[in-house]
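First the structure, in the form of structure tokens, and then the observations on it.
The values are calculated or read from the model by the stated rules, or taken from the named source; none is laboratory data. Keep in mind it's a predicted model, so treat the numbers as computed, not measured. Here Cβ is always computed from backbone atoms with ideal geometry, including for glycine, and neighbour counts include all displayed protein chains.
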């Protein structure tokens, strides 16, 4: 388990991060306050909307680096160009005095549609542009004939510029917060995390009893959660690094990012966890024929070598990665690798986890080694590809006007949804209170999402965040009514507190940002009337805006997340069936002449995407209100997700094994054909069951299925599905003895393959050992695929029983009914 020291270090890191984020946000808001309250009169006249300056600060500076802020400068400029020009033209042609509540809402809706429609525009740019649209048109309508068609939009642009300037200064003072430094620090922590997990897995493998092994495994699982967070942090800061290259070229060394190499190491680490966690592995682990102590020494030596390579690659700051193994270590590493060589296949399936662990250990070692130096020609080609990739990324990040204005037909509905929700929010907000009408549209504008969200949860946390932020602002004004500087100082603890809110599961980014804005808009301004009255008006207007947003969301995405989760489960099972079907030792695919390993990897990537999408829908469905619907069976879906995730990893390990076997056995021989027949048998068992599960999950209700059968007068033969040859769920009839028999045949055929393909030469022993490990790893994967299929069967049964509580669930019978109805 994690030590007290580890927990203390993590807590300290979170505190420091929140303090730093809160300090810079408070500094940026203080700069805005100083400029808008104490700046030169000429500047204050231009910055007519300090509230939007604060909003701009919160949109850009929240947990930002200097790279984020520099990108925010460009995005704010791009958003201003998008909105100010058309706004000046509209106000000049129509005239602010002619606007009504309905025409103002229509103008806001049309302008919002134009902004939301392009696919390539960055989300921050869209939020700033939508906020500018609300301020420009609604306040133009409120001021009526006193609104100047040209200078009014320019004042909105000036207010945005002040917010952007404050963000840049806050990220530079007292020293710049660089994304490259954040990436380097997180990469170092990640390398330490990977090294520590490797040590724990080796320690568990070499443990003398189950208790010691379980303790190490538990600690490694805890570290794996931390590794996921570190990967997310690095990915989040990688985009910002690109914006720091130009002004900070002298820090070129910081841009060496080893995260891809570290991410490759995650795959064998997950395999090692599977091996040591396998129920059939008994401790202490014993070699079939060899010296146990020598094996452990070899594992520890290889572990130390891999850890040293990882740390050197992370700590290496020049552009030349570690390319060689130190001579002093070369001999010991070779000796360590030799201890892992074995020419004897496992005699029983209980030994497969042992060999799979050694396979993953060697895979980890090969992935940790640096790539060989490329030739100048190859380097030139890679540079050309890198430039093209960077240009493509720039296009996708709103750096090209041509791409940003490109319209995708899939964007029509989301753009119309954004337009309608913003237009309705402005309309009802103005009808309720003309003076404060823009506060109903502004929360909707600045919270535009790029993808589907949990509508009710997000609206709930936004409302709660707005209320608690507003209440804090009112209390601050009450306590420090005559001391404006102290009011700004009171923002610092609030920013720190909301930094924790943003990281919490309860509120998240949406609730945290709403809480920040709620307090800043009261504490950072003056001459807006009694704070309590303004607070009540703003809370009501925010409620109006959120209600309109919820209503439009329900109109355009009425399908519940739980329904989408079940549909995605069916798609995932279908993709899993295709993935399992592509497992083979045939060296070429007749359709596209690709290696079977390559086909398996491609299908595995598609499966991984579907599993990730399923996880997203499950997360949304868990926080979705039930109302009068059947409650979402979160526990069952979570179990299914765990099994599917394991199968994704197992299929990838199968691809690694198949690739090596393809390389070592280019010519098909009789023994290989026997192994292939064993693989086909496992594919048939797993594939048929997965197909059955897919068909069962596509049934919305058993009662509806029965009615359809009666309506069409269709009969079905359940007994036909019970025979071993036609049973669609073959894994249900497979007990431990039958599975043991299948795997024993596979091991026997693998032994014949080893004997029949003796490799001559100096490296023959090494290749033979790798052949043994690859065949053993493939056997472990097939055995584990069958076990996970059984777990999925139990989960599907539980899910169908949950949805049909009065029915007796028989998956084979349901599958037969589906076949009878649709075939």
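Could you please let me know if residue 550 is touching a residue at least 60 places away in the same chain (Cβ under 8 Å), assigned to a helix (DSSP H, G or I), surrounded by fewer than 21 Cβ atoms within 10 Å (Cβ to Cβ) and touching a helix residue (DSSP H, G or I) at 6+ places or on another chain (Cβ under 6 Å)? Here the answer is yes, as residue 550 does meet what is asked. Listed by position, the helices (runs of 4 or more DSSP H) contained in segment 33-143 that have at least 3 residues being at positive phi form an empty set. Number of residues in segment 490-522 that are within 25 Å of residue 440 (Cα to Cα) and outside any helix (DSSP H, G or I): the value is 2. Please indicate, with yes or no, whether at least one residue in segment 433-450 is within 15 Å of residue 508 (Cα to Cα) and part of a helix (DSSP H, G or I). No, every residue in segment 433-450 fails to be within 15 Å of residue 508 (Cα to Cα) and part of a helix (DSSP H, G or I).
Residues that are out of contact with any helix residue (DSSP H, G or I) (no Cβ under 6 Å at 6 or more places or on another chain) and buried (at least 21 other Cβ atoms within 10 Å of the Cβ): does segment 63-80 have at least one? For segment 63-80, residues out of contact with any helix residue (DSSP H, G or I) (no Cβ under 6 Å at 6 or more places or on another chain) and buried (at least 21 other Cβ atoms within 10 Å of the Cβ): present.
Of everything in segment 149-189 that is free of Cβ contacts under 8 Å to residues at least 40 places away in the same chain and over 27 Å from the mean Cα position of the chain (by Cα), the residue that is surrounded by the most Cβ atoms within 10 Å (Cβ to Cβ) is 151. In the set 104, 83, only one residue is more than 29 Å from residue 34 (Cα to Cα) and surrounded by 19 or more Cβ atoms within 10 Å (Cβ to Cβ); that residue is 104. With the condition kept exactly as written, say whether any residue in segment 16-23 is assigned to a helix (DSSP H, G or I), closer than 28 Å to residue 234 by Cα and without any contact (Cβ under 8 Å) to a residue 24 or more places away in the chain. Yes: segment 16-23 contains one or more residues that are assigned to a helix (DSSP H, G or I), closer than 28 Å to residue 234 by Cα and without any contact (Cβ under 8 Å) to a residue 24 or more places away in the chain.
When the residues of segment 588-614 are filtered to those that are surrounded by fewer than 18 Cβ atoms within 10 Å (Cβ to Cβ) and not in a loop (DSSP other than H, G, I, E, B), which remaining residue is modelled with the lowest pLDDT? Going through the qualifying residues, I end up with 598. Taking the residues in segment 556-568 that are over 13 Å from residue 607 (Cβ atoms) and outside any loop (DSSP other than H, G, I, E, B) as candidates, determine which candidate is modelled with the lowest pLDDT. Restricting to residues being over 13 Å from residue 607 (Cβ atoms) and outside any loop (DSSP other than H, G, I, E, B), the top hit is 556. Determine whether residue 123 is under 30 Å from residue 22 (Cβ atoms) and either surrounded by fewer than 20 Cβ atoms within 10 Å (Cβ to Cβ) or not assigned by TED's automatic domain parsing to the domain that holds residue 45 (or both). Spelling it out, residue 123 is indeed under 30 Å from residue 22 (Cβ atoms) and either surrounded by fewer than 20 Cβ atoms within 10 Å (Cβ to Cβ) or not assigned by TED's automatic domain parsing to the domain that holds residue 45 (or both). Taking residue 276 as the residue in question, decide whether it is modelled with pLDDT under 60 and part of a helix (DSSP H, G or I). No.
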